[in-house]
Structures are given as structure tokens and as C-alpha cells.
Amino acid sequence: MTSSSLTSSTSIPDEIAQKLRAAQHIAVMTGAGVSAESGIATFRDALTGLWANFKAEDLATPQAFVRDPALVWGWYEWRRAQVMQTQPNAGHIALAAMARQVPQLTLITQNVDDLHERAGSSAVLHLHGSILAARCFDCGFPYQHRASLQQDHAKLAPPVCPECGGAVRPGVVWFGENLPHDVWQEAERAVRECDVLIIAGTSGVVYPAAGLAELAFRKRKTIIQINPQATNQDKFASLVMTGPSGVCLPQLLAAAWPELR
Ligand code: BJW
């Protein structure tokens, strides 16, 4: 397939619409950009308030948590409150609708929010865990955390593990940590087996997730890339859609299944 590029205001090539409609299995990989239109800052947006002097990359590590648990836990509490007070957007909703049109759709996300599930997607593969989950940093015991809805920019001591007295940490995957093995295996399998891979709202710089685009390219899959900015993964794509996912994903859905309009 020849590769093409379009902005969110132009129409989807028929060839792509037909590929989507005929697909037996569509894999989708989403990143922080898909939740941006819900009001959740992307990972690489500048931090504000108490965290303005930090980069997210420096806070999302086990080393940062050990150095200053209250700083890191306070950041996650603030982000949790943000997640709980936002709603899925048109991009999340379009993906849930697409899943109802194809025999199989595997939704792989790097996002730690639950907006795909709240839009109606099920069996979402969360490569980087969930911000709403928590466990002990030392013994791994799961901790039932009830987040506060207050969006204070404040340091906050993490809860204490009832099993071993260790510090409770968020249930996410930090830099240097392994992804959940079964989830990663499932994601790789979906990309190997799919007919079309849609990649939306990721900068494509964090591995191993970013490697899924390369895997799909090596397997000669049809790849659709959606992002308002250019990314280093555009070179793999059969179609690059330059625009917000809240516009482009509904556009793809309507092009392939016009009867849903
Ligand atoms: C829109 C939009 C709109 C805006 N619509 N789009 C190979 C090479 C080099 C390094 C490595 C490698 N393999 C492993 C590494 C190390 C490391 C890594 O990748 N480092 C790189 C940064 C260099 N990876 C790891 O450590 C991983 N573990 C691992 O590999 O284990 C094996 C190992 C063990 C021990 C030692 C070494 C290896 C773990 C990675 C875990 C990532 N975790 C985080 C934090 C999660 C918790 C939290 O949220 O706090 O996951 S980091 C962060 O990045 C988060 C995200 O899921 C992830 C990806 O970010 P994403 O989603 O792409 O967001 P952004 O902000 O980067 O981009 C947003 C995009 O949206 C932009 O492009 C915008 O333009 C776009 N956008 N509005 C659509 N409306």
C-alpha cells in the first residue's frame, strides 16, 4: 500500500476505509494524547505548581519514590483526582463503537486512566498499569486506595502497607520496571495477528510500547497513525492523520462504517 498523509479536515482514502471495514482483527494502541481532549495533561506536557521544577520522567521512577515518597505520591493523588473528574471524549467513544463493528478489536493502551473502559471498551490491555490501583512498594501486597477528589498541589505521605509496614505506591509501571508479562504478550500477539494497527496520541518514544509500531511494520500491516504533531513513527504508517484523536477516530469510524453516521 502506498503511504499517504492527511489533515483532519480532508477525507479518508477509500482503500483505508475498505481495509478497516474488511478487517477481521483491528489492533489499536493509544497514548496520553487520546485523553488530552478530556482535559488530562499528556505525559510530556510541562508540569505545574509544586511539580513545576520537575519533569514527569524524573518523578515516574522507583528511585524518585524512594528519594521523596510524599512528593511522588502527592503528584499521583493530584493526577488521580484529575482522572476521576474527567469524562471520555469522542476518540474513546469512537474506539468503543469500532469494537462493535469488527469480529475482533484489541485495544492496547499506555494510559493509566480508565477512560477507555468508561467509554465502553472492555478487556483493555494496560501496558503501564493503572493509576487507580495501588500496592506495597516493598512486598507488592495490593492496597485498596480511596483517592481524594481534592486537587491540591501538595506533598502527601503514602499510606502504610497493612501487611509489612512498607510504603504504598501507585499501580503503574515506572521507568526501569518490567511491563506486566501477560499483558505485554497479549499486545505483541494482537499486533502480529491483526490486519490493521491504529496508533493514536503517542509520542512513540517509550519502549517497549513504541516497538509495537516497528513490529507491525515488519509484518507489513496497514498502520494508521493519528497525532496533531509529527512523530518518529510516521515513517511506518500507510496513513498519517494529522489532527486530534477526538476528531480523527470518529472520522475513521464514519469512513469505514458510513451507516453509523
Ligand atoms: C494528541 C493530542 C490529541 C496531544 N490527539 N494526540 C529501548 C531503547 C531506549 C530505551 C529503552 C528501550 N527499552 C527500554 C528502555 C527504557 C525505558 C524507555 O523507553 N526510555 C525511553 C524514554 C528512552 N523503558 C522502560 O523503562 C520500560 N520498561 C522496560 O523496558 O523494562 C525492561 C527494563 C527493565 C530494567 C531496565 C531496562 C529495561 C517501562 C516504561 C514505563 C513507562 N511508564 C510511563 C509512566 C506511567 C505512570 C504514569 O503515568 O505516571 O508511562 S512513562 C510515560 O510515557 C507513561 C506513558 O504511558 C508513556 C508514553 O507516553 P505517551 O502516551 O506517548 O505520552 P506523551 O506525553 O509522550 O505523548 C503524547 C502525544 O500525544 C504527543 O505526541 C502529542 O503530540 C499527542 N497529542 N494532543 C492525539 N488531542
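When the Cα positions of His126, Tyr143, Ser238 are compared along the charge dipole of the chain, Ser238 comes out farthest toward the positive end, with charges on each C-beta of Lys, Arg, Asp and Glu. The order of the peptides 165-178, 110-123 by mean Cβ neighbours within 10 Å, most packed first, is 110-123, 165-178. Charge dipole (Cα centre; +1 on Lys/Arg Cβ, -1 on Asp/Glu Cβ; no other charges) of the stretch 67-147 amounts to roughly 100 debye.
Taking the Cα centre of the chain as origin, work out the dipole magnitude from +1 charges on Lys and Arg Cβ and -1 charges on Asp and Glu Cβ, in debye rounded to 20. Numbers along the way, then the final one.
On the way: 21 positive and 23 negative charges, 58 e Å.
Dipole magnitude for the chain comes out near 280 debye.
A simple charge model with +1 on the Cβ of Lys and Arg, -1 on the Cβ of Asp and Glu and nothing else charged puts the dipole of the stretch 161-232 at about 320 debye relative to its Cα centre.
Scaled against 2.2 N^0.38 Å for its residue count N, the alpha carbon radius of gyration of the chain is 1.04. Name the residue from Pro62, Val112, Ala94 whose Cα lies farthest towards the positive end of the charge dipole of the stretch 48-124, charges +1 on Cβ of Lys and Arg and -1 on Cβ of Asp and Glu. Working it through, the farthest residue towards the positive pole turns out to be Ala94.
As a test of understanding, state the convex hull volume per residue of the stretch 73-178 from its alpha carbons, in Å³. Spell out each step's value before the answer.
On the way: hull volume 12.1 nm³, N = 106.
Enclosed volume per residue, from the Cα hull, is 114 Å³.
Using alpha carbons only, what's the Rg to Rh ratio of the stretch 1-108 with Rh from Kirkwood? If you can, show how the numbers build up before the last one.
On the way: Rg = 18.8 Å, Rh = 17.1 Å.
Rounded to two decimals, Rg/Rh equals 1.10.
Read-outs throughout are calculated quantities, based only on the coordinates presented, and are distinct from any laboratory measurement. Being a predicted model, the structure only gives us computed values, none of them experimental. Glycine also receives a Cβ, built like all others from the backbone with ideal geometry; neighbour counts cover every protein chain displayed.
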